[in-house]
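Here's the structure we're looking at; comments come further down.
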Amino acid sequence: MSQIPQMTDEQLQAEVTAWLDANWDAATKKSRHNVEAGLKGWLKAAFEARWSVPRWPVEWYGRGLSNEQAKIVERAFAKVGAPGTGLDRTNLAANTMLTYGQDSLKRDLLQKFLTSEGSNYCLLYSEPGAGSDLASVRCRAERQGDNFVVNGQKVWTSGARTADYGMLIARTNWDVPKHKGISFFVIPMNQPGIDIRPLHQITGDAHFNEVFLDNAIVPAANMLGAEGDGWKVLQTALAYERLVMGEGAGERRQGSFKDNRVSLVALAREAGCLDDPLIRQEIARATAYRQLNTLNMARAKAEMAQGTSSPIMSLGKLAMSRILHEDARVMTAILGASSMLDGEGNPRPADVNYRTFNAYMTSIGGGTDQIQRNIIGERVLGLPREVELDRDVPFRESRAVTG
Ligand SMILES: Cc1cc2nc3c(=O)[nH]c(=O)nc-3n(C[C@H](O)[C@H](O)[C@H](O)COP(=O)(O)OP(=O)(O)OC[C@H]3O[C@@H](n4cnc5c(N)ncnc54)[C@H](O)[C@@H]3O)c2cc1C
């Protein structure tokens, strides 16, 4: 299909609603057809009907819709509780690949990424010694024929054990300044050269891992952008990650409320302290933060729709980090002494305690709060750049290598 006729908002609304009515059973929250195929079957159906990435161009599985029209689709899906759309905002791997991948790679992988039940990729960025300063990565990729051979170590890699692919930054040139010698690859994870070891978090989860790459192989065709231009590709990928984190993060556990705005009020009502003026004030403040952030994210999304990687995204991520800490603190205040309890027999305190620990995920993952402040200072407020003495020297002469 090379073109989809332009539709008015009403026509689009009618088409998506009719398609959902015909294909999705809102009562059981399942596809009406081929129920055995489960979520995967549903995602494939949404993909084939071009609802997965409605903002994307028609030649790449989309409908070329504006941001406003894509939201009509997202709202229609949300109304009936159907997953499978909006991946043109939320799937950072697919979006980065669309922008920078060769056509052959996009043909091979995009459908797989857009119809995967969970996240089928992980982010192989951070290393011991290269977290906030990602441009100091020392993991190396060396060309051998049609492939690159990768050696090095990554750390804090979320979801590495279940990922089929890794979005990898590796150094391909040590003789140019640190930002210039990095390349970005999509590396297959299931291969003998990759060893994954889980790390345990304070929440009790073990979502992230150490990843050791020992002569791991990645085809040269899996490079995104040009060789040595990986820093630029990374900025796009990070902007998508911050967008998602800015919209909200933090898994919930047994006993948790679905909607955070409701949850603070409902929790206070349940705990019998909704009339307490101090608690009410705390709830109002936490709710105002959320509302402000929603408005700010709408601003950032509008900039992204114009094709720029918005620094305002950093404001959203920073705000969400504060919101999650605030929510957890207010919830702990509401529960009072009972927040000291934990475990399966105490689902409410267990949920609140989990939120308290898990709030750090957003303050550190995807770039720490301090780094977001640096970005806001430099790119939003126009303050002078942070001094970086080794920015312009060949990487092999930089502090990261010479110590
Ligand atoms: C839940 C979670 C999931 C993650 N998932 C992934 C993943 O999937 N893939 C991946 O690659 N990484 C992942 N990370 C790693 C994360 O991106 C890094 O932890 C983060 O970038 C910080 O790097 P670091 O841990 O090396 O800390 P460092 O960079 O060593 O920072 C230590 C402290 O110094 C501060 N600091 C450092 N530089 C500056 C500066 N220039 N100005 C001001 N303060 C500064 C930091 O803010 C921080 O407080 C994850 C982390 C978390 C918590």
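For the reader, a short list of remarks on this structure follows.
- Pairs linking a residue in region 155-166 that is without any contact (Cβ under 8 Å) to a residue 60 or more places away in the chain to a residue that is assigned to a loop (DSSP other than H, G, I, E, B) and within 7 Å of the ligand (Cβ to nearest atom), with Cβ atoms under 9 Å and 6 or more positions apart or on different chains, are 155/126; 155/131; 157/125; 157/126; 159/207.
- Selection count where residues are at pLDDT below 95 and assigned to a strand (DSSP E or B), scope region 157-187: 1
- Reported count of residues in region 153-169, each being surrounded by 23 or more Cβ atoms within 10 Å (Cβ to Cβ) and away from the ligand (no atom under 12 Å from the Cβ), is 1.
- Exclusive hit being farther than 21 Å from residue 241 by Cβ, of a type in the set (A, V, I, L, M, F, W, C) and buried (at least 19 other Cβ atoms within 10 Å of the Cβ), set 150, 137: 150
- Pick from region 310-328, criterion away from the ligand (no atom under 16 Å from the Cβ) and closer than 25 Å to residue 279 by Cβ, ranking: nearest to the chain's Cα centre (by Cα): 319
Condition check ((1) more than 11 Å from the ligand (Cβ to nearest atom); (2) in contact (Cβ under 8 Å) with a residue 40 or more places away in the chain; (3) surrounded by fewer than 13 Cβ atoms within 10 Å (Cβ to Cβ)) across all residues:
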site: 330; (1), (2), (3): yes, yes, no
site: 348; (1), (2), (3): yes, yes, no
site: 351; (1), (2), (3): yes, yes, no
site: 354; (1), (2), (3): yes, yes, no
site: 366; (1), (2), (3): no, yes, no
site: 377; (1), (2), (3): no, no, no
site: 391; (1), (2), (3): yes, yes, no
site: 396; (1), (2), (3): yes, yes, no
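- The residues listed here are 53, 80; of these, the one that is under 21 Å from residue 11 (Cβ atoms) and surrounded by 21 or more Cβ atoms within 10 Å (Cβ to Cβ) is 53.
- Some residue of region 2-16 being in a helix (DSSP H, G or I), closer than 27 Å to residue 187 by Cα and in contact (Cβ under 8 Å) with a residue 40 or more places away in the chain: no
- Here residue 190 meets each of (1) modelled with pLDDT under 95; (2) over 20 Å from the mean Cα position of the chain (by Cα) with one exception, condition (1).
- Members of region 101-130 found to be without any contact (Cβ under 8 Å) to a residue 60 or more places away in the chain and not charged (D, E, K, R), listed by number: 110, 113, 118, 119, 120, 126, 128
- Within region 100-151, if we keep just the residues that are modelled with pLDDT under 95 and of a type in the set (D, E, K, R), the residue that is farthest from the ligand (Cβ to nearest atom) turns out to be 117.
- Only one of the numbered conditions (1) crowded, with 18+ Cβ neighbours inside 10 Å; (2) within 29 Å of residue 161 (Cα to Cα) is violated by residue 38, and that is (1).
- Filtering region 1-25 to residues that are in contact with a helix residue (DSSP H, G or I) (Cβ under 8 Å, 6 or more places away or on another chain) and modelled with pLDDT of 90 or more leaves 7, 9, 12, 13, 16, 17, 20, 23, 24.
- So residue 303, is it without any contact (Cβ under 8 Å) to a residue 24 or more places away in the chain and within 25 Å of residue 124 (Cβ to Cβ): no
- In this structure, residue 98 qualifies as crowded, with 19+ Cβ neighbours inside 10 Å and closer than 28 Å to residue 66 by Cβ.
- Helices (runs of 4 or more DSSP H) contained entirely in region 294-403, each with at least 2 residues that are touching a Ser or Thr at 6+ places or on another chain (Cβ under 6 Å), under 30 Å from residue 267 (Cα atoms) and not assigned by TED's automatic domain parsing to the domain that holds residue 177: 312-335, 347-364
The values are calculated or read from the model by the stated rules, or taken from the named source; none is laboratory data. Owing to the predicted nature of the structure, the values given are computational and were not obtained by experimental measurement. In this analysis, Cβ positions are derived from the backbone assuming ideal geometry, glycine residues included, and neighbour counts consider all displayed protein chains.
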